[in-house]
Amino acid sequence: MNPVSRRHFLQGATAGAVALTQLPSVLGAAAEGKLKVGVIGCGWYGMVDAKAALKTGEVEVTALCDVDSEHLEKSATEIEKLQGKRPQTYKLYTDLLQQPDLQAAIIGTPPHWHALQLIAALGRGLDVYCEKPMSYDVREGRAMVEAVKKSGRIVQFGFQRRQCPTFRAVREHLRAGHAGRIVCAEANIHFTAGTADPTPQAPPPSLDWDLWSGPGPKIPYSPQVGHMNWRLEKTSGQGHLVDWGIHLIDAARVILGEGMPTTVTATGGLYALEGKITTPDVLTAHFEFPTCPLTWRHRIWGAEEYTPDISNGVLFYGEKQTIFVTDDRWEIIPRGRGKERQVQKPTGDAGALHMADFLQAVRTRQAPACVAEDAYASTAGVKLAMISYETGAKVAWNAAKEQIEGNPAASALLKRDYRAPYRHPFAGA
């Protein structure tokens, strides 16, 4: 097992288990006053993270930033109601970072903005909680890892399933050897994706679409590529595997004790939602790891599932047992006829636990549950799958060189050119 992955997964599980109930006293004993936090991107998940931080009672949100003035006003009003004090508001994250009282930042923007915003926040000397995926492209991720190392700051990435009681329990169960050797694993999230109008049109007056697009290409605006729906747009969210599936790939990878895959093959297409979205509505990706292969599948066009109770989760196929795990339960399926399945339903708010873990790391200066190098492995892994899908070829990853071997077309997709005047943070090719 990768020692970094194991150590931080187990530390995060232990700390997170007590953090939700004990964090205020833990933090209060170590700090004077509340931690001053700025939120960059407060349209949806940035606010989810901000409210999780406020629940601890040890944080004050003193600044908000968003390129949509309606989001900004609504979020500022909500934060004011929650904490009794209205935060300062900004359109530009660079302006927010100049606010002198800030001690930490939450980044909840789409992933094509993560690299520039994280590196700028580190340059300001802040600790950072950044949502997943870590980056839009692989080379951004490497630049972010190096920036975190250089800064010495505490940085947590939003892979919340690491704190989920069900996934932690499965990790311990497999580690104890109860399921025997794991021969293969499968992960999937099948659901009906909501779609909006894909017709190009003027953006809402409150939204600065040029600034929203940032270093990515400025494609014509439509509701389908704007707020929320960008997750299925190739130029920003990169699709279901990168946006949502990455949570299960990360959890499975850490449970198995793996780093980057050695090879990835992905195939699929747009079979039902063509003309509405630009990423596959059906996809299968096969990740080869030293321990065992991990296969991802998704159907997001609205199929009536034969087994809907396992439409979101991970299956570990062992020589003694098969284990299924999802957010609210995990199941043991013993080998042999007539053996009774065992269902466990531990409870816990993974998002709140993950934020609590970050805040405790900030106070204690100990590593959080998901450090940059680990977030890079999960993000780069799913990106390799999308590169395989785009090129129609198997991708072989040389971890020592951080290069795709023998495939120039695939290698070219490791780094996306930035739109002027933005500059990509990775200096190499």
Subject >> Relative contact order of the range 177-261, pairs being alpha-carbon contacts under 8 Å that are 6 or more residues apart, as % >> reply: 24 percent
**OP:** With an 8 Å cut-off on Cα pairs and a minimum separation of 6 or more residues, tell me the relative contact order of the chain in percent.
**Re:** 22 percent
**OP:** Counting other beta carbons within 10 Å of each Cβ, put His286, His298, His178, His114 in order, fewest first.
**Re:** His178, His286, His298, His114
Original post:
Percent of alpha carbon pairs in the chain separated by more than 31 Å?
Top reply: 39 percent
**OP:** Check every DSSP H run in the chain and write down those whose alpha carbon atoms cover 27 angstrom or more along the long axis and whose mean Kyte-Doolittle hydropathy is 0.0 or greater.
**Re:** 3-28, 372-391
Original post:
By a straight-distance test (C-alpha under 15 Å), which aspartates and glutamates pair with Lys85 as possible cross-link partners, with residues fewer than eight away in the same chain excluded?
Top reply: Glu58, Glu60, Glu73, Asp101
Original post:
If each residue's Cβ is checked for other Cβ atoms within 10 Å, how do Tyr136, Tyr45 rank with the fewest at the top?
Top reply: Tyr45, Tyr136
Subject >> Cα gyration tensor category, rounded, prolate or oblate, for the range 34-172 with a/c compared to 1.5 >> reply: oblate
Original post:
Among Lys132, Lys51, what is the fewest-to-most ranking by other Cβ atoms within 10 Å?
Top reply: Lys51, Lys132
Subject >> Reach of Lys394 by Cα under 16 Å, taken over lysines that are not fewer than 8 positions away in the same chain >> reply: Lys383
**OP:** As a check on your grasp of the helix formula, calculate [θ] at 222 nm for the chain: sum -39500 (n - 2.57) over DSSP H runs of n ≥ 4, divide by the residue count, round to the nearest 500.
**Re:** -10500 deg cm²/dmol
Subject >> For the range 60-189: relative contact order, % (alpha-carbon pairs under 8 angstrom, 6 or more apart) >> reply: 17 percent
Original post:
Taking only the alpha-carbon positions of the range 115-218 and ignoring solvent, what does the Debye formula give for the base-10 log of I(q)/I(0) at q = 0.11, 0.17 Å⁻¹?
Top reply: -0.64, -1.06
**OP:** Mind jotting down the distance between the C-alpha centroids of the range 411-429 and the range 295-322, whole Å?
**Re:** 36 Å
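Values quoted throughout were computed directly from the atomic coordinates according to the rules given, and no laboratory measurement underlies them. Computed from a prediction, not measured in an experiment: that's the story for all the values here. All Cβ positions, glycine included, derive from the backbone under ideal geometry; neighbour counts span all protein chains shown.
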